[in-house]
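The values are calculated or read from the model by the stated rules, or taken from the named source; none is laboratory data. Computed from a prediction, not measured in an experiment: that's the story for all the values here. For neighbour counting, all protein chains shown are included, and Cβ atoms are generated from backbone atoms with ideal geometry for every residue, glycine included.
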Amino acid sequence: MDKIIIQGGARLVGEVQTSGAKNAVLPLMAASLLVDGWTTITNVPGLKDIETFKKLLKHLGSEVEEVEGGVLKIRTASVTTPDAPYELVKTMRAAILVLGPLVARFKKARVSLPGGCAIGARPVNIHLAGLQKMGAEVGIEGGYVNVSAERLKGARIYMDTRTVTGTENLLLAAVYADGQTILENAALEPEVVCLADALNRMGAHITGAGTETITIEGVKELKAVQTAVIPDRIEAGTFMVASAMARGNVLIKDCPLDNLHAVAVKLREAGATVEQEAGGVRVIGDWPIRSVDVKTLPHPGFPTDMQAQIMAMMCISSGLSVITETIFENRFMHVSELKRMGADISIDGRSAVVKGARRLSGAPLMATDLRASASLILAGLVAEGLTEVSRIYHLDRGYERIEHKLKALGANIKRVKE
């Protein structure tokens, strides 16, 4: 396995390109199962989760071709094996997204209950309840979900909890359902809008994406199209925080600031300059960093995927901050590692109280999940001495060559074999 070594203290200066969004690519790849022709996806980042999803599509019977420059081509004329096995699903929760399109087009699916980051329970009951309302038969046996339907029927579906993958899965199923499907309490995330826009270009009739109510008029056929992946708002937000922490002056190119409003507000409250300019967003950090309170919420609130990064920043702030996690119940696993660096953090239920300190000390650390990995790297950038982050396979699931991008900005960082 690899690890990342950081010598802290370098100021970040320069420009960094935002990659395509992992959480937008995966549902677009799942959408390729709905059509016979070649689906072309551009601006695809090189990430472990995308490699895993490609293996899954090939297992199902899809043809997958890579073209230089982040272009991916997928064709699914037929599905030879309509099941997603545990060995391919266990590391990536997004694999559940094949469920909807498989049932919609091929009448049945057998998908292992998903795995992924150990940040709390993310049950698939909302996906399954929605498919049942559309007339599918659903069963769970031996750790697998079995779903079948000769023809899905439109339905009015209220989702008890706002779920991004649940909304996407039901969108992917409803495009071929007879009649009208209405999704209530739908997720508002831009990745959902990206999927709906792509499906509409394929011939679907979807309105309301990006609002709480999405309406889908079922169609008989879709066509393959080319679609571009939106910029990764979480990667961009991570670089925004990195610049603010490291007294940086960084232009994040193609940064989707409209989708990072809550992050920008908190960075400005903390004393950073955040300005939109031609080609991207410039973030200039200034010390002392002021403490801010943060509460994670569904979009457009502060993203749970940015909670660990902002906590790392608050560890070197000038006061007391309270960070409240409302989305996942087990997303403070990075706290113990930050404390190894000298951070003063106490946990009270769903809240973490962070007492800022002017310095952190480099230490050997172990990443526990994707975003925790990023927070430890950010802490290492400003820590005194050497920081070593192990188990960075989590990091490779969602950040494209982050050490190369940080090094180009002036960070003293490298990847080595353990």
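For the reader, a short list of remarks on this structure follows.
- All of GLU384, GLU325 fail the test of being closer than 24 Å to PRO288 by Cβ, of a type in the set (Asp, Glu) and in contact with a strand residue (DSSP E or B) (Cβ under 7 Å, 6 or more places away or on another chain), apart from GLU384.
- Tally of residues being in contact (Cβ under 8 Å) with a residue 40 or more places away in the chain, of a type in the set (S, T, N, Q) and under 27 Å from GLU221 (Cα atoms) across the stretch 8-62: 6
- Check on ASN200, closer than 25 Å to LYS107 by Cβ, out of contact with any helix residue (DSSP H, G or I) (no Cβ under 6 Å at 6 or more places or on another chain) and either modelled with pLDDT under 95 or small (Gly, Ala, Ser) (or both): no
- Contact map, the stretch 303-320: first residue surrounded by fewer than 24 Cβ atoms within 10 Å (Cβ to Cβ), second residue of a type in the set (Asp, Glu), Cβ cut-off under 8 Å, separation 6 or more or different chains; pairs are THR304/GLU325.
- Residue match in the stretch 339-353 (condition: under 19 Å from the mean Cα position of the chain (by Cα), closer than 25 Å to GLU418 by Cα and in contact (Cβ under 8 Å) with a residue 40 or more places away in the chain): no
- GLN276 meets the conditions (1) surrounded by 15 or more Cβ atoms within 10 Å (Cβ to Cβ); (2) over 18 Å from the mean Cα position of the chain (by Cα) in every case but one. The failed one is (1).
- Search result, residues across the stretch 124-147 that are in contact with a helix residue (DSSP H, G or I) (Cβ under 7 Å, 6 or more places away or on another chain) and surrounded by fewer than 19 Cβ atoms within 10 Å (Cβ to Cβ): VAL138, GLY143
- Note on the stretch 165-186: residues that are surrounded by fewer than 24 Cβ atoms within 10 Å (Cβ to Cβ) and more than 24 Å from PHE106 (Cα to Cα) amount to 2.
- Lone qualifier among THR52, THR42 - being closer than 19 Å to VAL192 by Cα and surrounded by fewer than 22 Cβ atoms within 10 Å (Cβ to Cβ): THR42
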